[in-house]
1. Can you tell me which condition T193 does not meet? The list is (1) over 22 Å from P27 (Cα atoms); (2) at pLDDT 90 or above; (3) touching a strand residue (DSSP E or B) at 6+ places or on another chain (Cβ under 7 Å); (4) surrounded by 13 or more Cβ atoms within 10 Å (Cβ to Cβ), and all the others hold.
2. Given the options A54, A6, A20, name the one that is surrounded by 10 or more Cβ atoms within 10 Å (Cβ to Cβ) and either at pLDDT 90 or above or in contact with a Ser or Thr (Cβ under 8 Å, 6 or more places away or on another chain) (or both).
3. Residues of segment 123-155 being surrounded by 14 or more Cβ atoms within 10 Å (Cβ to Cβ), within 15 Å of the chain's Cα centre (by Cα) and assigned to a loop (DSSP other than H, G, I, E, B), which ones?
4. Can you tell me which residues in segment 64-87 are modelled with pLDDT of 85 or more, crowded, with 16+ Cβ neighbours inside 10 Å and assigned to a strand (DSSP E or B)?
5. Filter segment 105-122 for residues that are surrounded by 13 or more Cβ atoms within 10 Å (Cβ to Cβ), under 17 Å from A209 (Cβ atoms) and of a type outside the set (A, V, I, L, M, F, W, C) and give the result.
6. Which count do you get for residues in segment 156-177 that are of a type in the set (A, V, I, L, M), outside any strand (DSSP E or B) and open to solvent by less than 20 Å² (accessible area, probe 1.4 Å)?
Amino acid sequence: MRRLAALLCALVLLVTGQAALAQKEAPQLVPDVSQRTVEIKFSFTGAELLLFGAILYPGGRVPEKPADIIVVLKGPSQAIKMREKQKVAGIWVNADSIDFRSAPSFYAVGSSRPIDKLVDERTAAIYELGLAKLQLSPSSLNDTTEIDRFSDGLKELQARKGLYLEEPGSVEITDGVLYRARLPLSARVVTGTYTAETFLVQNGRVLAAATREIEVRKTGFERLIGLFAREHDLVYGLAAVALALGMGLLAGVIAGRVGSAFG
């Protein structure tokens, strides 16, 4: 029994040592972002984030075929109801709908080469690399064809808003070591914690991954309004209704006076 225990311990140490050695021999990522905080003000028209870093190869030797880089900027997940409209008797009405439990509010992906040239479909699906592999988590039990139709519709809608985008070839790699990518942040983004993920890809495999967080928050008057709306939602709602009615009455009075002046 003692010999068996000693043999098992030796085997565990051997496997652990080989794993540690393999980890040391694998390339490593040292990523960063140009901004850890993005402030949204009244005049906010969007921003451009720089994702950059270095690839550390074992022994400092760059292989003949350097690795590729894929960067993904993802916003907070949110529930979205997607509705399909149909024209009935000349009028557009809501028809079928589907709920998505955790669709990212923002999704941008950049890569040094087209993603389908870097990884196979299975790897792309595991890491959600590319809009085609983005998981939207539908909550209904619709059939696959219907889910795919609504998923494609949601991605197309978000893309038109500038909230979903895919930019192959946008990652620049210098001397096989330094990389950088610029990804636009739409003016329509929501506040919250965003993740900037960097994937190191070589020979169709993801060798390393690293994540940095970015806070998108409101500042100034917009922040005060947002806090008031969350803490006093009923008062905020009544005030918004009263303001809308007041603006409507004022517009009516102005229109009446203008009409009398030219009447």
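1. Result: T193 fails condition (4) only.
2. Values: A6 fails: either at pLDDT 90 or above or in contact with a Ser or Thr (Cβ under 8 Å, 6 or more places away or on another chain) (or both); A20 fails: either at pLDDT 90 or above or in contact with a Ser or Thr (Cβ under 8 Å, 6 or more places away or on another chain) (or both).
Selected residue: A54, the only one of A54, A6, A20 that is surrounded by 10 or more Cβ atoms within 10 Å (Cβ to Cβ) and either at pLDDT 90 or above or in contact with a Ser or Thr (Cβ under 8 Å, 6 or more places away or on another chain) (or both).
3. E128, L129, G130, L134, L136, listed by residue number.
4. Once the filter is applied, which keeps residues that are modelled with pLDDT of 85 or more, crowded, with 16+ Cβ neighbours inside 10 Å and assigned to a strand (DSSP E or B), segment 64-87 yields D68, I69, I70, V71, V72, L73, K74, I80.
5. Y107, G110, S111, S112
6. At the first step, the residues of segment 156-177 found to be of a type in the set (A, V, I, L, M) are 157, 159, 163, 165, 171, 173, 177.
Next cut, outside any strand (DSSP E or B) only: 157, 159, 163, 177.
Remaining after also requiring open to solvent by less than 20 Å² (accessible area, probe 1.4 Å): 163.
Of the residues in segment 156-177, 1 are of a type in the set (A, V, I, L, M), outside any strand (DSSP E or B) and open to solvent by less than 20 Å² (accessible area, probe 1.4 Å).
The values are calculated or read from the model by the stated rules, or taken from the named source; none is laboratory data. Owing to the predicted nature of the structure, the values given are computational and were not obtained by experimental measurement. Heads up, the Cβs are rebuilt from the backbone with ideal geometry, glycines too, and the neighbour counts pull from every protein chain shown. Side chains are part of the model used for accessible areas, which takes the heavy atoms of the whole protein and leaves out ligands, DNA and RNA. Shrake-Rupley method; radii C 1.70, N 1.55, O 1.52, S 1.80 Å.
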